[in-house]
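What follows is a single structure, written as structure tokens, with notes after it.
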Amino acid sequence: MIDASSDRKALPGKPLVRAARGEALERPPFWFMRQAGRYLPEYREVRADAGSFLDLCYNPRLAAEVTLQPVRRFGTDGAILFSDILVIPHALGQHLEFREGEGPWLEPITAEAELARLSCDRIHDRLSPVYETVERVRAALPDDVALIGFAGAPWTVATYMVAGRGTPDQAPARDWAYRDPAGFQRLIEMLVDATVRYLDRQVRAGADIVQLFDSWAGGLPESAFERWVIAPTRAIVERLRKLWPDLPIIGFPRAAGAFYEPYVRATGVDVVGLDTGVPLQWAARTLQPMAAVQGNLDPRLPIVGGAAMLDEARRIMEAFSSGGHIFNLGHGFVPQTPPENVAQLADFIREWRR
């Protein structure tokens, strides 16, 4: 494996990295969540040849290709690794498959005793194709485009591991956490350890920035949010800082609401990803002095395109123009998004000046 750590001295020139470190640039750098996906015809062609979705994630040549497709088409300032948050439980030894029309399915882990069948011992062997994908993308990217590695945050990954699938209210994980907090803590600690190892290897392979997706952070009561969202994220950030002191880390606690502020204060993330429901002026006043912000265009607007999309994009960029801002969506593109609308948005962002 190539060790790209010696190249990290070149990072400050990348606009995405500069914004992540709090610099107010002439226009915000941008990338889009789910920027590689079913809305792109070139992705659908690769996906048809790959076999299963998991086969695509573990095929470095094809995963690198779909990572690069939106960079070529839209000229984004960042390329996010094509993979999935559930490769971590798969690497730990939990059975995982993606069923057509249903999404991910795992063999549920429902009690502490069942954790014995999971182990961090072989995760790097199992995830080596992902690291190769990072290397391939790094080698192919323009010098000014940042490579974004990622992982699911422990709470969100745990909700899938416990339920065996996505659920509307994460009830199985919440029930275990309330019934047996010490046992559930063991699962979270295992995920913290695996996530640090995984992200460290992504950085060694060439990632410039990493993001933690806590897609199911919303809806937890305060005490649970502090224990299962903030504390594991803080542990990951602290451990990565020891390994990579200059690594920008993005945290995305989707739908955290009033908990966004304590999340930023307590976790130490460099950038906080904002969902669509976060008020712009509040975020600029309260969050941006503590961390760069990322977001937060409604993913429905690129479906519509035109003036509605561009007016809201302008409003977002104006609101965050005085500090570090990475333009993004408040969540990911949906499959029915017209690529021509994404191109219109990308052109608009590139031409905008504060």
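The values are calculated or read from the model by the stated rules, or taken from the named source; none is laboratory data. Nothing here was measured: the structure is a model prediction, and the numbers come from that model. Cβ coordinates were reconstructed from backbone atoms using ideal geometry, including for glycine residues, and neighbour counts include every protein chain displayed. For the accessible areas, the whole protein counts, side chains as well, though only heavy atoms, and no ligand, DNA or RNA atoms are used. Shrake-Rupley method; radii C 1.70, N 1.55, O 1.52, S 1.80 Å.
Some notes on this structure:
- Max mean-square fluctuation residue, GNM over the chain, Cα-Cα springs under 10 Å, options Pro339, Pro129, Pro142: Pro142
- GNM flexibility winner over the chain from Ala79, Ala255, Ala50 (Cα, springs under 10 Å): Ala50
- Averaged per residue, segment 85-194 has 41 square angstrom of accessible surface, using a 1.4 angstrom probe with ligands and nucleic acids left out.
- Dividing the mean sequence gap of close Cα pairs (under 8 Å, 6+ apart) by how many residues segment 156-298 holds gives a relative contact order of 19 percent.
- Options Thr195, Tyr160, Ala116, ranked by Cα towards positive dipole end of segment 99-212, top entry (Cβ charges): Ala116
- When only Cα pairs below 8 angstrom with a gap of at least 6 residues are kept, the chain shows a relative contact order of 23 percent.
- When you filter the GluC sites (Glu not before Pro) in segment 65-117 for DSSP loop state and at most 12 other Cβ atoms inside 10 Å of their Cβ, you are left with Glu100, Glu102.
- Gyration tensor verdict on the chain (Cα atoms; rounded if a/c is under 1.5, prolate if a/b is larger than b/c, oblate otherwise): rounded
- Three-way shape label, segment 15-93, alpha-carbon gyration tensor, a/c 1.5: oblate
- Cα-centred dipole magnitude for segment 185-266, charges only on beta-carbon of K, R (+1) and D, E (-1), debye, nearest 20: 220
- Lys, Arg +1 and Asp, Glu -1 on Cβ, resulting dipole of the chain about Cα centre, debye, nearest 20: 560
- Using a probe of 1.4 angstrom and keeping all protein chains present, the accessible surface of segment 208-323 works out to 37 square angstrom per residue.
- Mean-square fluctuations from a GNM of the chain, with a 10 angstrom spring cutoff on Cα atoms, peak among Val334, Val272, Val66 at Val334.
- Förster-model FRET efficiency, 41 Å R0, Lys242 and Arg117, C-beta, rounded to 0.05: 0.85
- Added length on full extension, which subtracts the Cα-Cα distance from 0.36 nm per residue, Ala24 to Glu340: 110.9 nm
- Global geometry of segment 177-283, whether rounded, prolate or oblate, following the gyration tensor of its Cα atoms and the 1.5 cut on a/c: oblate
- Net dipole in debye of segment 25-133 [+1 Lys, Arg Cβ; -1 Asp, Glu Cβ; about Cα centre; nearest 20]: 380
- Rolling a 1.4 angstrom probe over the chain with all protein chains present gives an accessible area of which 48% lies on carbon and sulfur atoms.
- Rounded FRET efficiency, nearest 0.05, which uses the C-beta distance separating Arg179 from Ala140 and R0 of 45 Å: 0.40
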